[in-house]
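These notes concern the structure reproduced below.
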Amino acid sequence: MSSLKIRPIKAFEDNYIWCLTNGETCAVVDPGDAKPVLKYCKRNNLQLTDILITHHHSDHTGGVNDLVDAFPGVTVYGPQNPAIQSITQRVKDGDNIKLSALGLEFAIIEVPGHTLDHIAYAGSCGLFCGDTLFSAGCGRLFEGTPNQMYQSLNRLTSLPDDTKVYCTHEYTLANVKFARAVEPNNAALLNYKGWAESQRVDLKPTLPSTIGEQKAINPFLRANSAEVKHQAEHYAGKILPTPEAVFASVRAWKDNF
Ligand code: ZN
Ligand code: FE
């Protein structure tokens with residue numbers, strides 16, 4: 001069996017459906033659209049065996065039924081939320097799943113914030129975090145509170161620094177623009193901006209990132225940075241006594257940026 005490859009399949013405007021493959025079988029994460037996945041499998045002669053779902057939004061789940069029709073017997077992993085009817089194996093925090101065809105294991109981390117049902121898959125090959133953590137950004141709080149999201153992001157940043165981070169959207173340049181407003185003196189961020197821009201000029205993904213890189217450049221993970229705190233307080237117009245309050249202010253600022 002050849003070694004594992006993780007490739008982005010582009011969908012919609014800016015979604016990535018991550019495909020994990022050994023050259024014969026594959027798993028996909030958050031297939032919001034079946035068509036590009038079916039095309040990719042056909043072109044590369046791949047048998048889809050597993051689907052991983054992070055949360056209920058249709059741009060992450062919309063393709064599941066058609067993929068199950070095309071590959072009967074595929075296992076669909078996902079959160080407890082009964083609204084996602086296509087899930088065949090519901091998982092919860094602390095569970096471990098094994099994708100036997102690919103020889104991969106993932107630990108499930110519940111990360112409420114963007115939605116209440118949101119989960120992430122953490123394995124030795126990387127972290128699949130859906131719309132919770134983006135490069136230089138984080139998901140909007142559609143269902144959860146700032147405190148929930150802050151705790152969820154803390155759980156992701158407790159993973160090893162070299163953990164690869166596979167997010168579902170190419171939002172990096174817009175996120176970097178905001179991050180620069182929050183932390184104009186962050187040299188690592190400025191350096192990252194140059195790299196990300198050159199990737200996008202060539203229409204290459206800016207992902208995966210790593211946990212270590214995100215801790216250095218992502219304002220949503222940097223509530224303990226003096227500059228982030230100062231700027232978040234300026235935006236809020238008051239002293240923010242806790243990192244949770246700093247995070248909440250940065251999130252509100254981004255929503256209005
Ligand atoms: Zn979403
Ligand atoms: Fe999304």
Cβ-Cβ below 6 Å, separation at least six or inter-chain, first residue in segment 4-30 and more than 16 Å from F128 (Cα to Cα), second away from ligand 2 (no atom under 13 Å from the Cβ) and assigned to a strand (DSSP E or B): which pairs?
T25/Q47; T25/T49
Is there a residue in segment 226-238 that is open to solvent by 50 Å² or more (accessible area, probe 1.4 Å), under 20 Å from V165 (Cβ atoms) and modelled with pLDDT of 95 or more?
no
Yes or no: A174 open to solvent by 40 Å² or more (accessible area, probe 1.4 Å) and either in contact with a Cys (Cβ under 6 Å, 6 or more places away or on another chain) or within 16 Å of ligand 2 (Cβ to nearest atom) (or both)?
yes
Here is a check on your reading of the model: is P31 open to solvent by less than 10 Å² (accessible area, probe 1.4 Å) and modelled with pLDDT of 95 or more?
yes
Counting only residues that are within 19 Å of R180 (Cβ to Cβ) and either basic (K, R) or in contact (Cβ under 8 Å) with a residue 60 or more places away in the chain (or both), how many does segment 214-251 have?
13
Filter result (hydroxyl-bearing (S, T, Y) and open to solvent by 40 Å² or more (accessible area, probe 1.4 Å)) within segment 58-83
S58
Single residue of segment 151-171 satisfying the filter (out of contact with any Gly (no Cβ under 8 Å at 6 or more places or on another chain) and closer than 13 Å to N218 by Cβ) that is nearest to ligand 2 (Cβ to nearest atom)
L156
Inside segment 195-216, can you point out the residues that are open to solvent by 60 Å² or more (accessible area, probe 1.4 Å), of a type in the set (A, V, I, L, M, F, W, C) and in a loop (DSSP other than H, G, I, E, B)?
L203
Residues of segment 110-153 being in a helix (DSSP H, G or I) and open to solvent by less than 10 Å² (accessible area, probe 1.4 Å), which ones?
M149, S152, L153
Filter result for A107 (small (G, A, S) and either open to solvent by 40 Å² or more (accessible area, probe 1.4 Å) or assigned to a strand (DSSP E or B) (or both))
yes
So, in segment 1-20, how many residues would count as being more than 19 Å from the chain's Cα centre (by Cα) and at pLDDT 95 or above?
1
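The values are calculated or read from the model by the stated rules, or taken from the named source; none is laboratory data. Given the structure is predicted, the values throughout are model-derived calculations rather than measurements. Every residue, glycine as well, gets a Cβ built from its backbone with ideal geometry; the counts of neighbours run over all protein chains shown. Just the protein is used for accessible areas: all its heavy atoms, side chains included, with ligands, DNA and RNA removed. Shrake-Rupley method; radii C 1.70, N 1.55, O 1.52, S 1.80 Å.
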